[in-house]
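Worksheet for the structure shown next.
Any read-out appearing in this document is the output of simple, stated calculations on the displayed coordinates, not a laboratory observation. These numbers come from a predicted model, not from an experiment. When we count neighbours, we look across all protein chains shown, and the Cβ atoms used for this are built from the backbone with ideal geometry, even at glycine.
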Amino acid sequence: MTPVAWIRLLVITVAIGALEGACRFGLIDRRVMVPPSDMVASLAAILRSGSINGDIVQTLGVIAAAAALAVVLGFALGLFVHALPRLRAGLDPLFATYYAVPIFIFYPVLIAIFGLSLVPILLIGVATALVAMIIATLNGLDRVPPVLSKVARVHRMGTVATALRLQLPAAAPYLFTGVKLSVSYAFIAVIASEFILAPSGLGRDIADAYADFNNSRMYALMLFLLITATFVNMALHAWDLRWAARRGREPS
Amino acid sequence: MIATRRAVDTLAIAIVLILMWQALHHLVGETALPGPVPTLTYLARLITTGRFAANAAATATAFAAALLLAYAIGLAIGVWMGAHGLSGAVGEPILVALYSLPKITLYPMILLIFGLGISGRTAFGALHGILPVALLTMAAIRNISPVHLRTARSMRLSSWQTVMMVLFPAMLPEVISGLRIGLTVTLLGVLLAEMFAAKQGLGFLIMNAMSLLQTQEMIAVAVFLFTFAALANALLLWLEHRLHRRV
């Protein structure tokens with residue numbers, strides 16, 4: 001580890017230690033926060049009991065499904081839009097604005113249409129993640145060398161074959177940035193939906209624990225989600241660095 | 001010429017979105033999704049009511065306070081970490097990791113610390129906005145070309161002049177990008193907070209309309225917020241492009 005990494009570890013350790021001390025010595029009321037060591041112990045007990053296994057599978061499953069749908073659909077739509085420059089020019093203002101508007105406020109609208117089930121959660125997850133993948137696909141395709149399209153024409157490859165066997169591998173390093181963002185956005189949208197209104201899931205569990213004043217359970221579940229999200233983001237980031245090395249530039 | 005084409009494109013998108021809305025309305029029926037014309041007429045009536053004004057004022061107050069906090073704290077952290085190399089190297093990965101977390105998970109903690117009132121919603125909004133403002137300000141300072149500083153030295157500018165006439169203008173475009181993204185996520189933070197356990201604000205109005213099955217009101221408020229966010233973003237984007245051209 002580099003010296004900077006050691007200092008970073010030290011900063012994080014001191015911060016967690018200070019929080020632990022402040023909770024233990026009553027500087028922070030137990031009704032506000034439980035000590036980090038209690039969160040870990042409580043989380044271990046919950047995981048051992050297996051009582052949240054169903055919710056874990058459901059929440060992570062919906063996140064994975066939303067991200068996968070967004071990636072596949074986003075790639076297909078990206079290909080389509082890329083092939084039509086006039087449409088793309090028209091859609092540009094929409095892409096530039098998409099993440100600036102709180103798309104999430106339409107979640108209740110989806111509940112009104114589809115009822116209180118996993119469908120609205122999945123849809124808001126896809127809607128949030130989709131555009132990041134479309135934008136990444138467009139960026140990737142812009143960087144496919146023109147000579148490859150000529151090769152495809154010389155070999156009389158069809159549209160689908162060109163897309164899957166040529167454009168997809170050539171743009172792959174850039175597409176991965178889209179995958180990373182899609183997973184991250186799907187995570188946020190699914191947890192937020194579950195937290196605000198959902199039949200079940202980890203977000204709902206946290207909201208219930210909050211309503212029951214069950215702080216040790218609430219903080220344990222929060223810790224679980226934060227650890228999972230950090231782990232997923234770090235794994236994707238590590239992959240992104242590899243791809244970035246392959247395309248010979250910094251990750252975007 | 002380009003401006004007119006962009007205006008035409010934006011108008012075309014708006015028309016396509018409204019047509020899709022109309023089509024979906026025919027597909028799922030009146031109760032699930034009212035059509036665009038009655039909903040927009042309803043919105044025009046709704047924004048003149050006192051009930052809407054009171055909730056919009058609650059959102060505006062929380063949003064303005066959250067934005068002020070996010071900008072002040074974000075800029076302070078960004079300047080510190082951008083100017084001090086070691087702090088930046090240590091802190092940046094921590095900030096990036098925090099930025100990509102689903103912050104909604106932390107909302108119960110914010111509620112326990114700040115309570116159910118407006119201060120909790122403000123704190124949650126600010127929590128969203130601080131990180132992008134800090135990260136982009138830090139990047140802006142690091143990206144200042146050394147040539148700028150050498151020029152300032154060779155012209156014997158005082159340190160105050162260097163800051164005001166060289167450093168500040170050089171980092172402004174990127175800082176504005178940070179402020180724009182900060183604005184977006186702060187608004188999202190405030191609205192999310194209002195959707196959970198609040199009794200005021202436009203986010204509450206949407207959730208309340210949903211529980212009363214008033215789909216028209218729910219969609220009208222959502223469309224209002226959508227339009228507001230899009231306009232605010234367009235304004236800052238315009239400012240950003242102008243500054244980029246100048247540099």
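Please find the FRET efficiency linking B:His241 to A:Arg48, where r is the Cβ-Cβ separation and R0 is fixed at 60 Å, and quote it to the nearest 0.05. Walk me through the numbers on the way to the answer.
On the way: r = 56 Å, r/R0 = 0.93.
E(calc), rounded to 0.05, equals 0.60.
What average count of beta carbons from other chains do you get within 10 Å of the Cβ of residues in B:194-201?
2
So, R0 is 22 Å and r is the distance between the beta-carbons of B:Ala60 and B:Ala234; what FRET efficiency does that work out to, to 0.05? Provide the component values of the computation, followed by the final result.
Values: r = 19 Å, r/R0 = 0.86.
With a Förster radius of 22 Å, E is 0.70.
Give me the lysines in straight-line cross-link reach of A:Lys180: C-alpha distance below 28 Å, same-chain residues under 8 apart excluded.
Within reach: B:Lys103.
Please identify the DSSP H helices in chain B that span no less than 18 Å along the helix axis (Cα) and have a mean Kyte-Doolittle hydropathy of -1.0 or more. Display every interim value, and only then the final one.
On the way: long enough: B:2-28 (39 Å, 1.33); B:50-83 (48 Å, 1.41); B:85-99 (20 Å, 1.30); B:118-142 (36 Å, 1.18); B:168-195 (40 Å, 1.44); B:215-246 (47 Å, 0.76).
Length and hydropathy pass: B:2-28, B:50-83, B:85-99, B:118-142, B:168-195, B:215-246.
What is the mean number of Cβ atoms from other protein chains located within 10 Å of the Cβ atom of each residue in peptide B:225-232, rounded to a whole number? Walk me through the numbers before you get to the answer.
On the way: counts 4, 7, 1, 2, 6, 7, 3, 2.
Average per residue, whole number: 4.
Using every Cα-Cα pair within chain A, state what percent have a distance larger than 25 Å. The partial results should precede the final answer.
Details: 17860 of 31626 pairs.
The share of Cα pairs beyond 25 Å in chain A comes to 56 percent.
Which of the three applies to the protein assembly as shown, rounded, prolate or oblate, going by the alpha-carbon gyration tensor with a ≥ b ≥ c and a/c under 1.5 meaning rounded?
On the way: a/c = 1.27, a/b = 1.03, b/c = 1.23.
Note, shape of the protein assembly as shown comes out rounded.
Springs between alpha-carbon pairs under 10 angstrom, Gaussian network model over chain B: which of B:Thr41, B:Thr122, B:Thr59 fluctuates most?
Evaluated over chain B, the most mobile residue of the options is B:Thr41.
With Rg and the Kirkwood Rh both taken from Cα atoms, where does Rg over Rh land for segment A:152-252? All intermediate terms of the calculation are to be shown ahead of the outcome.
Values: Rg = 20.2 Å, Rh = 16.5 Å.
With Rg and the Kirkwood Rh in hand, the quotient comes to 1.22.
To test your reading of the geometry: what angle, between 0 and 90 degrees and rounded to tens, separates the Cα axis of helix A:168-196 from the longest principal axis of chain A?
Between the helix axis and the principal axis of chain A, the angle is about 40 degrees.
Would you calculate a helix-derived [θ] at 222 nm for chain A, using -39,500 (n - 2.57) for each DSSP H run of n ≥ 4 and dividing by the full residue count, to the nearest 500? Write down the numbers at each step before the final one.
Values: 11 runs with 199 residues, N = 252.
Here the helix-only value at 222 nm equals -27000 deg cm²/dmol.
In peptide A:205-215, how many Cβ atoms from other protein chains are near each Cβ within 10 Å, on average?
On the way: counts 0, 4, 5, 0, 1, 7, 2, 0, 1, 0, 3.
What the average comes to for A:205-215 is 2.
If I model a spin label at A:Thr230 and B:Arg6 as a point 7 Å from the Cα along the Cα→Cβ vector, what separation in nanometres do I get?
Roughly 4.1 nm, to one decimal.
Helix A:85-98 versus the longest principal axis of chain A: what is the Cα-based angle in degrees, 0 to 90, to the nearest 10?
10 degrees
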